[in-house]
Amino acid sequence: MTDVPTPLLDRVKLPADLKGLTDRELRQLADELRAETIAAVAVTGGHLGAGLGVVELTVALHAVFDTPRDKLIWDVGHQCYPHKILTGRRDRIRTLRSEGGLSGFTKRSESPYDPFGAAHSSTSISAALGFAMADELGGDPGDAIAVIGDGAMSGGMAFEAMNNAGHLGKRLFVILNDNEMSIAPPVGALSAYLSKLYAEAPMQDLKQAAKGFVSLLPPPFQEGAKRAKDMLKGMAVGGTLFESLGFEYVGPIDGHDLDQLLPVLRTVKARATGPMLIHVLTKKGKGYAPAEAARDRGHATGRFDVLTGVQAKAASNAPSYTKVFAQTLIAEAERDAKIVAVTAAMPDGTGLNLFADRFPKRCFDVGIAEQHGVTFSAGLAAGGMKPFCAIYSTFLQRGYDQVVHDVAIQRLPVRFAIDRAGLVGADGATHAGAFDVAFLANLPGFVVMAAADEAELVHMVATAAAHDAGPIAFRFPRGEGVGVEMPARGVPLEIGRGRIIREGTRVAILSFGTRLAEVTKAAESLAGRGVSVTVADARFAKPLDRDLILRLAREHEALITVEEGAIGGFGSHVAQLLAEAAVFDRGLKYRSMVLPDVFIDHASPEAMYRVAGMDAGHIEAKVLRTLGVAVVGKRA
């Protein structure tokens, strides 16, 4: 009987265990790591394609550098699953993105091998430079390595950091993970030649060796490599853009060939004295056919069958809010040629891929550049167009100065479609849409709306399309609607007017956003306890419906606002109105239900709202506490 050898991955508990492996064993380890990543994400869902594209790079970096002393910083963090498996978290990898489990991104509190948390893009070089300077000034020792994708490089912050790094001239490593060109050079003699060349070349010869790499490729691959290098050309004669910023440049090299990666990384680690950029070509979704064949290369996936790649889909009869937005915007654009759409590298996530299919010349993807996207929209508006700037709530934070300076002050009619409002689930605190109401509703002249359901969203898109008096925003959550009857066409709402959903006598609950469904459940339960509840949908956080709010305050013992946002938003504006109107002098009991003053960890949206204390049960309990009622006998 032949003994089955123990998989290498079973022998690797921490990155230090890679030091004792041969290069051949590291190649085997990479194959096992890819299989383990696929198997784990099949169970949990998550960002698959990016991680599969950096398996070999992850192995090489941990084999060459000395983490966690050396700081390995993954930009965004979509690609960090293989890294987590190698850094002592393999036993928990099937808890990814679930309540109490591993984060889907790097997280400082989770592991010393995550020196810097990330989930938004283009931050890694800035952070790595900070670590490099801290090392020099007597802080934590060790090298700093930033791994950043070509998409994240479209964010201006990356170039701000590189400009500063080139000026400081300190030792720093930036790995440009370029998965757009998808070059797969052959192995064998060429790889062996490059391995020898890179391993033996002094530092000053590495760039020349890399330049000669293109001529060694077979003709079908030379054009792709030429495009890769042309992409990086700057204005400096005889150099790349990165070299003009003060970086030594090596590449492009095949990011799936450890016979190239290992000697290059070993050489730069041993000999670099200043900032280095290593240009690595990878293929997103590498090694898993369903991901490679997918249009997004398996970027984000639900749970799936490993053999077929078919994803499990939750049954729902209601359309997603995102799709409702996209379809309604298309219908409005059919009637108005001035309507255009702008997104920041999220055409699929915002639904604007559908708009682009219908109106390719009227849809603009500006890349991971929210600041530019907002000001570009302002320019479109100033030029007479009707721009809809579709950005997730969490990403709109990145363009806030532009919202204030370029849009609000000039009162330009930019329409902000804010997707992923409220708590979003598995992506956790970094993607929560918690702050947009607070940071938009305090801006003069801004109109801020929140859809209570998918039918209301249709009307709010129509309202935004018809509004030319200044900036307007409407927010809606991730996921499916509540299943209400849909209107045939959106009808513009009267600005600053809410609606009564249910009439009662003792307490009024004023909802802003999609908590309305939970508010309605709470009201029904309270009615069974003998508490008569009025339910109203505010629709607008700015301008407030003063008449409605003051009527509710005047006719009820208590008024409670409910919103899917942080303190300082809708409820705070209502409190300001009530205080100025001296309503509290008449004994009104007022309470505001907002997201708690903490960052809530990833879980299902339902679980996160339970933690936040904003589901129907918590709303009911809030009403009873406000009224000073413990239990009232149920009606017969």
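Could you list, in sequence order, all residues of the stretch 433-489 that are assigned to a helix (DSSP H, G or I), within 18 Å of Gly422 (Cα to Cα) and not aliphatic (A, V, I, L, M)?
At the first step, the residues of the stretch 433-489 found to be assigned to a helix (DSSP H, G or I) are 436-441, 454-466.
From what is left, the residues that are within 18 Å of Gly422 (Cα to Cα) are 436-441, 454, 456-457, 460.
If the condition is that a residue be assigned to a helix (DSSP H, G or I), within 18 Å of Gly422 (Cα to Cα) and not aliphatic (A, V, I, L, M), then Asp436, Phe439, Glu454, Glu456 are the ones that fit.
Consider Ala517 carefully, then state whether it is assigned to a helix (DSSP H, G or I) and small (Gly, Ala, Ser).
Numbers: assigned to a helix (DSSP H, G or I): yes; small (Gly, Ala, Ser): yes.
Yes, satisfied.
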* To do: Give the residue that is surrounded by the fewest Cβ atoms within 10 Å (Cβ to Cβ), with candidates limited to residues of the stretch 91-140 that are charged (D, E, K, R) and within 25 Å of Phe395 (Cβ to Cβ).
  => Arg108
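Within the stretch 484-499, how many residues are in contact with a Ser or Thr (Cβ under 7 Å, 6 or more places away or on another chain) and surrounded by fewer than 17 Cβ atoms within 10 Å (Cβ to Cβ)? Break it down into steps so the answer makes sense when it comes.
From the stretch 484-499, those in contact with a Ser or Thr (Cβ under 7 Å, 6 or more places away or on another chain) are 490, 492-493; that's our starting set.
This time we only want the ones that are surrounded by fewer than 17 Cβ atoms within 10 Å (Cβ to Cβ), so: 492.
Number satisfying all stated conditions: 1.
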* Can you name the number of the only condition in (1) of a type in the set (A, V, I, L, M); (2) more than 27 Å from Thr394 (Cα to Cα); (3) in contact (Cβ under 8 Å) with a residue 12 or more places away in the chain that Ala270 fails? -> (3)
* Structure fact -> Residue set Ala35, Ala60; condition farther than 24 Å from Lys269 by Cβ, assigned to a helix (DSSP H, G or I), under 28 Å from the mean Cα position of the chain (by Cα) and in the same structural domain as Lys269 (by TED's automatic domain parsing); output residue Ala35
* Being modelled with pLDDT under 95, of a type in the set (Gly, Ala, Ser) and assigned to a helix (DSSP H, G or I), is that true of even one residue in the stretch 92-100? -> no
* Structure fact -> A careful count of residues in the stretch 472-517 that are β-branched (Val, Ile, Thr) and more than 11 Å from Val535 (Cβ to Cβ) gives 7
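Conditions (1) at pLDDT below 90; (2) in the same structural domain as Pro471 (by TED's automatic domain parsing), marked per residue:
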{"residue": "Leu277", "(1), (2)": "no, no"}
{"residue": "Ala300", "(1), (2)": "yes, no"}
{"residue": "Ala315", "(1), (2)": "yes, no"}
{"residue": "Leu329", "(1), (2)": "no, yes"}
{"residue": "Thr343", "(1), (2)": "no, yes"}
{"residue": "Cys363", "(1), (2)": "no, yes"}
{"residue": "Ala381", "(1), (2)": "no, yes"}
* Hey, does the stretch 620-636 have a residue that's buried (at least 17 other Cβ atoms within 10 Å of the Cβ) and under 18 Å from Ala434 (Cβ atoms)? -> no
* Asked: Only one of (1) at pLDDT below 80; (2) surrounded by 21 or more Cβ atoms within 10 Å (Cβ to Cβ); (3) not β-branched (Val, Ile, Thr) fails for Lys229. Which number is that?
  -> (2)
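Scan the stretch 584-617 for residues that are part of a helix (DSSP H, G or I), touching a residue at least 40 places away in the same chain (Cβ under 8 Å) and among the aromatic types (Phe, Trp, Tyr) and jot them down.
Taking the stretch 584-617 first, the residues part of a helix (DSSP H, G or I) are 584-586, 605-612, 616-617.
This time we only want the ones that are touching a residue at least 40 places away in the same chain (Cβ under 8 Å), so: 605, 607-609, 612, 616-617.
Within the stretch 584-617, just Tyr609 meets the criteria.
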* **Which listed residue, of Glu563, Glu557, is of a type outside the set (A, V, I, L, M), over 16 Å from Gly504 (Cβ atoms) and in contact with a helix residue (DSSP H, G or I) (Cβ under 8 Å, 6 or more places away or on another chain)** => Glu563
* To do: Could you tell me which residue of the stretch 343-364 is surrounded by the most Cβ atoms within 10 Å (Cβ to Cβ), considering only residues that are on the phi < 0 side of the Ramachandran plot and part of a loop (DSSP other than H, G, I, E, B)?
  => Ala344
* Go through the residues of the stretch 146-165 one by one and say whether even a single one is assigned by TED's automatic domain parsing to the domain that holds Leu21, surrounded by fewer than 21 Cβ atoms within 10 Å (Cβ to Cβ), in contact with a strand residue (DSSP E or B) (Cβ under 6 Å, 6 or more places away or on another chain) and not β-branched (Val, Ile, Thr). => yes
* Can you tell me which residue within the stretch 312-342, out of those that are in contact (Cβ under 8 Å) with a residue 60 or more places away in the chain and more than 19 Å from Ile391 (Cβ to Cβ), is surrounded by the fewest Cβ atoms within 10 Å (Cβ to Cβ)? => Asn317
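Return the residues of the stretch 63-93 that are of a type in the set (A, V, I, L, M, F, W, C) and either over 18 Å from Gly285 (Cα atoms) or not assigned by TED's automatic domain parsing to the domain that holds Pro112 (or both); say none if nothing qualifies. Lay out the reasoning, then the answer.
Residues of the stretch 63-93 of a type in the set (A, V, I, L, M, F, W, C): 63-65, 72-74, 76, 80, 85-86, 93.
Answer for the stretch 63-93, where residues must be of a type in the set (A, V, I, L, M, F, W, C) and either over 18 Å from Gly285 (Cα atoms) or not assigned by TED's automatic domain parsing to the domain that holds Pro112 (or both): Ala63, Val64, Phe65, Leu72, Ile73, Leu86, Ile93.
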* Asked: Within the group Ala522, Ala541, which residue is in contact with a His (Cβ under 7 Å, 6 or more places away or on another chain), surrounded by 24 or more Cβ atoms within 10 Å (Cβ to Cβ) and not acidic (Asp, Glu)?
  -> Ala541
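Mind checking which residues of the stretch 460-474 are out of contact with any helix residue (DSSP H, G or I) (no Cβ under 6 Å at 6 or more places or on another chain) and closer than 23 Å to Glu564 by Cα? Reasoning before the result, please.
First, the residues of the stretch 460-474 that are out of contact with any helix residue (DSSP H, G or I) (no Cβ under 6 Å at 6 or more places or on another chain): 460, 462-464, 466-470.
Residues satisfying the conditions are Met460, Ala462, Thr463, Ala464.
Looking at Ile560, Ile549, which is the one that is within 27 Å of Glu606 (Cα to Cα), β-branched (Val, Ile, Thr) and buried (at least 21 other Cβ atoms within 10 Å of the Cβ)? Lay out the reasoning, then the answer.
Details: Ile549 fails: within 27 Å of Glu606 (Cα to Cα).
None of the other options fit; the residue is Ile560.
With assigned to a helix (DSSP H, G or I) and either surrounded by fewer than 24 Cβ atoms within 10 Å (Cβ to Cβ) or in contact with a His (Cβ under 7 Å, 6 or more places away or on another chain) (or both) as the only criterion, which of Gly367, Gly373, Gly384, Gly399 stands out? First the steps, then the outcome.
Numbers: Gly367 fails: assigned to a helix (DSSP H, G or I); Gly373 fails: either surrounded by fewer than 24 Cβ atoms within 10 Å (Cβ to Cβ) or in contact with a His (Cβ under 7 Å, 6 or more places away or on another chain) (or both); Gly384 fails: assigned to a helix (DSSP H, G or I).
Result: Gly399 is the single residue among Gly367, Gly373, Gly384, Gly399 that is assigned to a helix (DSSP H, G or I) and either surrounded by fewer than 24 Cβ atoms within 10 Å (Cβ to Cβ) or in contact with a His (Cβ under 7 Å, 6 or more places away or on another chain) (or both).
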* **Selection from the stretch 365-409 of residues that are out of contact with any helix residue (DSSP H, G or I) (no Cβ under 7 Å at 6 or more places or on another chain) and free of Cβ contacts under 8 Å to residues at least 40 places away in the same chain** => Phe376, Ser377, Gly379, Ala381, Ala382, Gly383, Asp401, Val404, His405, Ile409
* Which ones in the stretch 237-279 are touching a His at 6+ places or on another chain (Cβ under 9 Å) and closer than 18 Å to Leu61 by Cα? -> Tyr249, Val250, Gly251, Pro252, Ile253
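The values are calculated or read from the model by the stated rules, or taken from the named source; none is laboratory data. Computed from a prediction, not measured in an experiment: that's the story for all the values here. Glycine gets a Cβ as well: all are built from the backbone with ideal geometry, and neighbour counts include every protein chain shown.
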